[in-house]
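Visitor: This is the structure I want to talk about, given as structure tokens.
The values are calculated or read from the model by the stated rules, or taken from the named source; none is laboratory data. Quick caveat, the model's predicted, so the values are computed rather than measured. Neighbour counts run over all protein chains shown; Cβ positions are idealised from the backbone, glycine included.
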Amino acid sequence: MKFQLAINLERMDDSRDMKDVARHTLEMVQMADEAGFDVAWAAEHHALEMTIAPNPFQILTWWASHTDRIRLGTAVAVAAYWHPINLAGEAAMIDLLSGGRLEFGIGSGAYQREFDRMHAGLKQSDAYRHMHEMLPALKALWAGDYEHNGEFWSFPSATSVPKPVQQPHPPIWVAARAPVTFDYAVENHCNVMSWPLTRPFAEAEEYKGRLDQAMAAHPECPRPTWALMRHTALYDDAAGRDAAIRAIQTVLGQFENLFRNLGDVNNGFPKQIPLQELAEREQYNPDMLEENLMFGSPDQVIEKLQRYEALGVDAFIYYASLGLGHKEQKRSMELFCKQVMPAFA
């Protein structure tokens with residue numbers, strides 16, 4: 001099983017200086033690079049301090065200039081926010097500047113709040129149609145001159161400039177949870193990344209079943225690489241455990257605000273839904289969070305990862321951004337690199 005890192009520039013409030021956030025984020029990516037992580041992923045989000053990522057390609061260009069071998073991925077570029085020519089060129093440019101290290105992730109987008117601002121009138125639940133139109137257009141633009149007449153975009157003959165270093169194109173990833181998306185990924189030769197949120201291991205087992213069903217429906221297609229993401233925090237003692245639980249509960253309270261599209265965001269900071277409103281929800285219970293997420297001592301994390309490896313997960317995505325302090329995040333990464341990764345060498 002390979003290891004990948006997903007990390008955001010994140011601020012939970014305005015007490016943390018952006019220069020410190022940027023420095024910390026880069027240092028975490030550099031730690032992953034030195035330890036032998038396979039990929040570092042950057043998101044795309046808009047007008048939210050908890051995920052500061054208005055252009056993932058800009059972030060990847062920055063990381064590329066400060067790393068040696070780790071591959072660099074978009075998780076994910078939101079199809080509806082881009083024009084195909086623009087997206088093809090941006091992706092090819094970072095592939096060029098990084099020496100062919102791009103992993104291209106594309107998706108539908110997460111929050112209705114963002115669509116209301118970035119693509120007014122589009123429902124998040126309908127945005128997959130933009131992705132389905134975008135992906136073949138990108139492949140065609142990377143190959144050469146191409147004219148497009150679609151439902152969402154139309155343009156005369158054009159091509160991607162520059163062209164990607166990796167031919168015919170960089171590896172393509174889609175974020176998948178629903179059966180239809182697994183089927184789409186397999187049929188279109190895309191790798192798959194899945195995020196079970198805070199749900200139990202059984203959720204990952206369901207995803208594996210959906211992948212198997214998609215493979216059975218398309219026996220002529222190669223099996224995609226399947227990566228699974230979990231919030232990750234390793235700690236030395238009970239105090240470290242308590243800090244990680246408090247941090248993830250704060251983040252989840254902000255996610256709840258965004259998922260409900262409550263509109264309660266002040267200067268980029270989503271208000272946290274009060275914990276007492278979440279207390280009855282199983283996925284926010286501290287013991288359940290510790291059990292379901294990649295939380296624990298190195299030995300506990302190794303045991304959890306072995307279950308995922310046995311399930312068929314090809315790559316585990318270490319999701320570092322959970323509102324934890326910078327010192328604690330680095331200690332977690334240090335424990336993972338030095339005590340967990342050797343068990344899977």
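Visitor: Restricting the search to segment 131-147, which residues are buried (at least 19 other Cβ atoms within 10 Å of the Cβ) and in contact with a Ser or Thr (Cβ under 7 Å, 6 or more places away or on another chain)?
Guide: 131, 141, 142, 146
Visitor: Taking the condition of being within 22 Å of residue 146 (Cβ to Cβ) and among the aliphatic types (A, V, I, L, M), how many residues in segment 52-85 meet it? So that I can check it myself, show each step before the final result.
Guide: Step one: of segment 52-85, the residues within 22 Å of residue 146 (Cβ to Cβ) are 57, 74, 77-85.
Retained after the next criterion (residues that are among the aliphatic types (A, V, I, L, M)): 77-80, 85.
Number of matching residues: 5.
Visitor: Now for a separate question. What pairs come up if the first residue lies in segment 185-196 and is over 15 Å from residue 220 (Cβ atoms), the second is in a helix (DSSP H, G or I) and among the β-branched types (Val, Ile, Thr), and their beta carbons are under 9 Å apart, counting only those six or more places apart or on different chains?
Guide: 192/181; 192/186
Visitor: Go through the residues of segment 165-180 one by one and say whether even a single one is crowded, with 16+ Cβ neighbours inside 10 Å, without any contact (Cβ under 8 Å) to a residue 24 or more places away in the chain and not in a loop (DSSP other than H, G, I, E, B).
Guide: No, there is no match, as no residue in segment 165-180 is crowded, with 16+ Cβ neighbours inside 10 Å, without any contact (Cβ under 8 Å) to a residue 24 or more places away in the chain and not in a loop (DSSP other than H, G, I, E, B).
Visitor: Could you check, for segment 299-318, whether at least one of its residues is within 19 Å of the chain's Cα centre (by Cα) and either among the acidic types (Asp, Glu) or at pLDDT below 95 (or both)? Can you show your working first?
Guide: Here is the first cut: in segment 299-318, the residues within 19 Å of the chain's Cα centre (by Cα) are 305, 308, 313-318.
So of that shortlist, the ones also either among the acidic types (Asp, Glu) or at pLDDT below 95 (or both) come out as 314.
Scanning segment 299-318, I find at least one residue that is within 19 Å of the chain's Cα centre (by Cα) and either among the acidic types (Asp, Glu) or at pLDDT below 95 (or both), so the answer is yes.
Visitor: Quick one: is residue 253 of a type outside the set (Lys, Arg), surrounded by 17 or more Cβ atoms within 10 Å (Cβ to Cβ) and in contact with a Leu (Cβ under 8 Å, 6 or more places away or on another chain)?
Guide: Details: of a type outside the set (Lys, Arg): yes; surrounded by 17 or more Cβ atoms within 10 Å (Cβ to Cβ): yes; in contact with a Leu (Cβ under 8 Å, 6 or more places away or on another chain): yes.
Spelling it out, residue 253 is indeed of a type outside the set (Lys, Arg), surrounded by 17 or more Cβ atoms within 10 Å (Cβ to Cβ) and in contact with a Leu (Cβ under 8 Å, 6 or more places away or on another chain).
Visitor: What are the residues in segment 163-204 that are within 16 Å of residue 314 (Cα to Cα) and small (Gly, Ala, Ser), if any?
Guide: 175, 176, 185, 194, 204
Visitor: Right, here's the next one. Hey, any hits in segment 200-220 for a residue that's part of a loop (DSSP other than H, G, I, E, B), in contact with a His (Cβ under 9 Å, 6 or more places away or on another chain) and either surrounded by 22 or more Cβ atoms within 10 Å (Cβ to Cβ) or of a type outside the set (Gly, Ala, Ser) (or both)?
Guide: Step one: of segment 200-220, the residues part of a loop (DSSP other than H, G, I, E, B) are 200, 218-220.
Narrowing the set further to residues that are in contact with a His (Cβ under 9 Å, 6 or more places away or on another chain) leaves none.
Among the residues of segment 200-220, not one is part of a loop (DSSP other than H, G, I, E, B), in contact with a His (Cβ under 9 Å, 6 or more places away or on another chain) and either surrounded by 22 or more Cβ atoms within 10 Å (Cβ to Cβ) or of a type outside the set (Gly, Ala, Ser) (or both), which makes the answer no.
Visitor: Residue by residue through segment 100-154, note down the ones that are of a type in the set (Lys, Arg) and either in contact (Cβ under 8 Å) with a residue 24 or more places away in the chain or closer than 30 Å to residue 70 by Cβ (or both). Break it down stepwise before answering.
Guide: Initial filter on segment 100-154 (of a type in the set (Lys, Arg)): 101, 113, 117, 123, 129, 139.
Correct list: 101, 113, 117, 139.
Visitor: I would also like to ask the following. Is segment 236-244 home to any residue that is touching a strand residue (DSSP E or B) at 6+ places or on another chain (Cβ under 6 Å), closer than 26 Å to residue 38 by Cα and in a helix (DSSP H, G or I)?
Guide: Kept after step one, since they are touching a strand residue (DSSP E or B) at 6+ places or on another chain (Cβ under 6 Å), are these residues of segment 236-244: 244.
Those left that are additionally closer than 26 Å to residue 38 by Cα: 244.
Now drop any that are not in a helix (DSSP H, G or I), which leaves 244.
Among the residues of segment 236-244, at least one is touching a strand residue (DSSP E or B) at 6+ places or on another chain (Cβ under 6 Å), closer than 26 Å to residue 38 by Cα and in a helix (DSSP H, G or I), which makes the answer yes.
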